[in-house]
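These notes are about the structure you will find just below.
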Amino acid sequence: MTVSNDLGGMEEGGFDLDTATAEAGRCLLCEDPPCSKGCPAKTDPGAFIRKLRFRNITGAIRTVKENNILGGACGVLCPTARLCEKDCNAKWVDRPIRIGKVQRFLMEHAWATGFKVFGGKVFEKPARRPGKVAVVGAGPAGLSCAAELAKHGHRVTVFEARPEPGGVLRYGVPAFRFETAFLKKELEDLKDLGVELKCSSPVAEKGAAERLLADGYDAVFLATGLWNPERLPGTRKEPGGLFTSMDFLAALRQGRRKELAKSFKGKACAVLGGGSVAIDCARVALRLGSRDVYLLYRRSCSQMPAEEDEKNQALREGVHFILLSQPVGYVADARGRLAGVRLVRTRLGAEDSSGRRKPVELKGSEWTLEVSAAVEAIGYKPVDGSQDWYPSVAVRQGGLIRADEDDCRTSAKGIFAGGDIIRGPDLVVRAVQDGKTAAGSILQYLGEKATTRPGERCLARKP
Amino acid sequence: MTKKTDLSVTFCGKKMPNPFMLSSSPVSNSAEMIERAFEAGWGGVAYKSMVTDNISIPHPSPRMHAYHYGEKRLAGLQNVEQTSDRGLKPNLLDIAYLKKRWPGRVIMASIMGFSNSEWADLAKACSDAGADMLELNFSCPHMTVEGSGCKVGQAHDLVEKFTATVRKVTGIPLVAKMTPNIADMNEPALAAKRGGADAISAINTVKGISEIGLDDLIPRPDVFGKGAISGYSGPAVKPIALRFMAEMAQNPELGLPLSGMGGIETWVDALEFILAGATTVQVTTGVIHYGYRIVEDMIEGLSDYMALRGVEAVGDLVGKALPRLHETGAFDVKRQGVAAYDLDRCVGCGQCYIVCRDAGGQALDWDAKKRRPRQTQDKCLSCMICSFVCPVTGLISFKEMPRGWKRRETVTLGR
């Protein structure tokens, strides 16, 4: 199969009104819909599909957007097959309803028709409330929290270290899966809600989070994400042509395609890792014109964390999977350019703590795969020293912030946290839910704080 | 080889290879079109209504509007189509041509006059052109001139008068086409019989409004800012058409052969009309939706039905359901039944539970864990609505209960 070399826009098309209506027409309109129980962000497809079916399209859009400010992004990026669509009863008749795609359509339809959930004649602006909240990080968790608080009338400022908002949606996913124009439209709802967005404004100095509180913010939500790539251990000198997935994907978004193409076009390359990011990188490498793209993974195909459809798509497009092979180092040429990846064959041994059978290296099986470029996509972790930005907040070993996903509270009063910085690498939709959970806790905290403000009398009690 | 079934019928003394006809409409507008329909297999045609050249009847634009049901297109069709705009002479030449080229097919010329003399002139002209029979259009629902279209069909004395006028000038069979926009079709049908009609065709379109624009508040079709109540047809009107068909077929006083139409798309629809008393059936909206080709499936479907059931002639099926059609008072209400569930095939959607609770007898509970309905049998009203919404055909069926079985009384609150 030939792949597009256009890396600028989403390759998978969406529904239009006809096809979305037809898809909604297949819905069984279940009692106690199972789809509505499958979403980490508590999306209610049972309601929005029914609304679409009964020609209440504005209501359907509202159902999605009021619950999830990034409804469009989730519609495009969610692994729906194992979430909302998993228990769809239409699969017993034919196949599950394509819920993610219907959700994406509703958002695109809103943009096409100019319908605004948080603006125009159908929206009643919330009464201004006194709270002032700082959100650190304009990724899915931060944006979701900001929207939720703004919906309640609080003033929210989002501080983003990078020049543009979106976090992984902008810098961590290739545009052929999720394009910038789509993100921009989605972010307009935040503008309608009056969220203030400060880009190129990192909160990354010692005690910076606590300083926000001191500067008059009533609460802080830390949603900084994971921006430090895990590296293959033992690499002393970086050969030219070796990239981390983070640099690789971000470079594309920053218009450095030509520069990358130099390392990939017409050449053999390797991607290390078996997750969704590794698949994305491999597919980008194909689109940059790589002659051969090898995906190197130390376990078996069924153990790969990437989604089934992603794996299949990569295989169909021509990515070569080299499984049960542990990368152990790199070979460089005389000029210091990458010449190969050293690999050791593995076999699956006993189960490890994750319940998966652990790869065991086979002695004497080392070989070298000749490639002139490679991308490491083996995970992300917190930025080194990031705990210094919020010294009053307890962190776990490795730097993840200690916070319960049920309330997103940290050990520090007034500081909340969510998204990948508390979970490790996870789905966009879970980060969205963290944002909502944190907003709930912050609202509660602001309420508590308001009633205990010094010098103020509590009106609820008789004197 | 597949057995070849003889589908021929004789209608008003004319034999045709099958009972399937195009009805008088845009689908039968010219010989060029009708010839293609004959090639596809249609047994006859009601040639689009002709008027004299005394007045010209221009067509509004646009002419039609669709009624879609969800993603299902054309559940109904509204039209403000007028009579043929080709002029009388070209149509008569076309009829003569068709009769010569296709002698085995039935050409029924539809005519509509505005006075006695016009009816007479048209009848004579079409007879001379070689039409096998005439269809008298007493039923077009969007004529505004008094004494024309369905305004005739609603005034029984005019039906009789104009039929008699035509009867005097031609010996070929006369088929009077009825409007459904009345309470009792037997009255105008009997008037036509008194005037000398040989058969009745029905139904013409039902007066309706298919849609109202929400932005412009214009009922459709939007003819430059104006809508109008006009003829509505298609699958949505079939049950209404079957009713009129059966009522006329059951009337011993009428006793005329019938040509049935209204929402026919498949051989099943056609056969239902035949079982309700029609000798031939006519189709327009089905062709507007799918083209002439649908007749292939009508022919094949009806042939196989007859072969499988050992029916020798289509005529043997005409009116065969009528002995089983009664007034509701004739029902044996001592016999009762319930909806029976084959839960092995259940997909767990729970729509049965929703409708039973909100529109039935509250006979179902919902096992949320297993996602299955649980029936309390003696609360089931046997309305069968659960079976209508169930996505698995045949999962829910009607089952008769033994004599003496009793349904539980409905709970009374506030006693």
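Laboratory data are not the source of any read-out in this text; all were calculated from the coordinates shown. Keep in mind that this is a model prediction, so the values were computed, not measured. For neighbour counting, all protein chains shown are included, and Cβ atoms are generated from backbone atoms with ideal geometry for every residue, glycine included.
What to note about this one:
- The range B:227-260 residues near the modelled B:ALA75 label - backbone nitrogen below 16 Å, point 7 Å along Cα→Cβ: B:232-240
- Between helix A:428-451 and chain A: long-axis angle, C-alpha atoms, 0 to 90°, nearest 10: 30 degrees
- With R₀ set to 41 Å, the beta-carbon distance separating B:ASP85 from B:LYS3 gives a calculated FRET efficiency near 0.40.
- Residue-averaged [θ]222 nm for chain B, counting only DSSP H segments that reach four residues, each worth -39500 (n - 2.57): -9000 deg cm²/dmol
- Where labels lie 7 Å past Cα in the beta-carbon direction, separation of A:SER200 and A:ARG335 in nm: 3.5 nm
- Nitroxide proxy distance, nm - points 7 Å out along Cα→Cβ at A:GLU124 and A:SER354: 4.9 nm
- Centre-to-centre separation between the Cα atoms of the range B:50-88 and those of the range B:328-401: 43 Å.
- Within chain A, longest stretch clear of exposed GluC sites (Glu not before Pro) (DSSP loop, no more than 13 other Cβ within 10 Å): A:206-455
- With at most 11 other Cβ atoms within 10 Å, longest stretch of chain B clear of loop GluC sites (Glu not before Pro) (DSSP): B:1-145
- Between the range B:278-327 and the range B:141-178, the alpha-carbon centres lie 28 Å apart.
- Computed from backbone phi, the HN-Hα couplings of the range B:271-279 come to 5, 4, 5, 5, 5, 8, x, 7, 8 Hz, rounded to whole numbers (Karplus: 6.51 cos²θ - 1.76 cosθ + 1.60, θ = phi - 60°; Gly and Pro given as x).
- Placing unit charges on the Cβ atoms of the charged side chains and taking the dipole of chain B about its Cα centre, the candidate lying farthest along the positive direction among B:SER24, B:PRO62, B:TRP366 is B:TRP366.
- Test item: Cα-centred dipole of the protein assembly as shown, Lys/Arg +1 and Asp/Glu -1 on Cβ, debye: 2340 debye
- Looking at the range A:51-131, the chymotrypsin sites (Phe, Trp or Tyr not before Pro) that sit in a DSSP loop and have at most 16 other Cβ atoms within 10 Å of their own Cβ are A:PHE54, A:PHE123.
- Using equal-weight Cα scatterers in the Debye expression, the normalised intensity of chain A in log10 at q = 0.06, 0.11, 0.14 Å⁻¹ is -0.29, -0.95, -1.39.
- Relative contact order computed over chain A (Cα-Cα under 8 Å; 6+ residues apart), in percent: 16 percent
- Environment charge at A:PRO359 (Cβ cut-off 15 Å; Lys +1, Arg +1, Asp -1, Glu -1): +4
- Bins of 5 Å from zero: percent of alpha-carbon pairs in the range B:6-98: 3, 12, 17, 18, 18, 15, 11, 5, 1
- Taken about its Cα centre, chain B carries a charge dipole of about 1160 debye when Lys and Arg each add +1 at the Cβ and Asp and Glu each add -1 at the Cβ.
- Candidates B:SER303, B:SER23, B:SER259: whichever shows maximal mean-square fluctuation once chain B is modelled as a Gaussian network with Cα springs under 10 Å: B:SER303
- Descending principal axes extents, the range B:274-395, alpha-carbon based, whole Å: 52, 38, 28
- Extending 7 Å from Cα along the Cβ direction at B:ASP367 and again at B:GLU32 yields two label points whose distance is 6.6 nm.
- Sorted by Cβ density within 10 Å, fewest first, the residues A:VAL3, A:VAL117, B:VAL333: B:VAL333, A:VAL3, A:VAL117
- Taking the C-alpha atoms of the range A:1-131, convex hull volume expressed per residue in Å³: 159 Å³
- Separation between Cα centres of the range B:207-248 and the range A:115-145, rounded to whole Å: 47 Å
- Restricting the trypsin sites (Lys or Arg not before Pro) of the range A:70-128 to loop positions (DSSP other than H, G, I, E, B) with no more than 14 neighbouring Cβ atoms within 10 Å leaves A:ARG128.
- Principal axis extents of the Cα atoms in chain B, from largest to smallest and rounded to whole angstrom, are 74, 57, 42.
- Among the trypsin sites (Lys or Arg not before Pro) within the range A:368-420, those in coil by DSSP and having at most 14 neighbouring Cβ atoms inside 10 Å are A:ARG396, A:ARG402, A:LYS413.
- Fluctuation leader among B:PHE224, B:PHE244, B:PHE11 - chain B, Gaussian network, Cα springs under 10 angstrom: B:PHE224
- Here's the picture: charge each Lys and Arg Cβ at +1 and each Asp and Glu Cβ at -1 in the range B:9-324, and of B:ALA37, B:ALA199, B:THR179 the one pushed furthest to the positive end of that dipole is B:ALA199.
- Gain upon complete extension [A:THR19, A:ASP407; 0.36 nm per residue less C-alpha separation]: 135.8 nm
- Degrees, to the nearest 10: A:99-113 long Cα axis against longest axis of chain A: 60 degrees
- Ranked list, fewest to most other Cβ atoms within 10 Å of each Cβ, for B:TRP42, B:TRP267: B:TRP267, B:TRP42
- Chain B: most fluctuating residue of B:LYS100, B:LYS369, B:LYS124 per GNM, C-alpha cutoff 10 Å: B:LYS369
- Largest first and in whole Å, the equivalent-ellipsoid semi-axes of the protein assembly as shown read 71, 33, 29, each the square root of five times a Cα gyration tensor eigenvalue.
- The alpha carbons of the range B:332-400 occupy a box of 39, 21, 16 Å along the principal axes, longest dimension given first.
- Options B:PRO235, A:ALA141, A:CYS74, ranked by Cα towards positive dipole end of the protein assembly as shown, top entry (Cβ charges): A:ALA141
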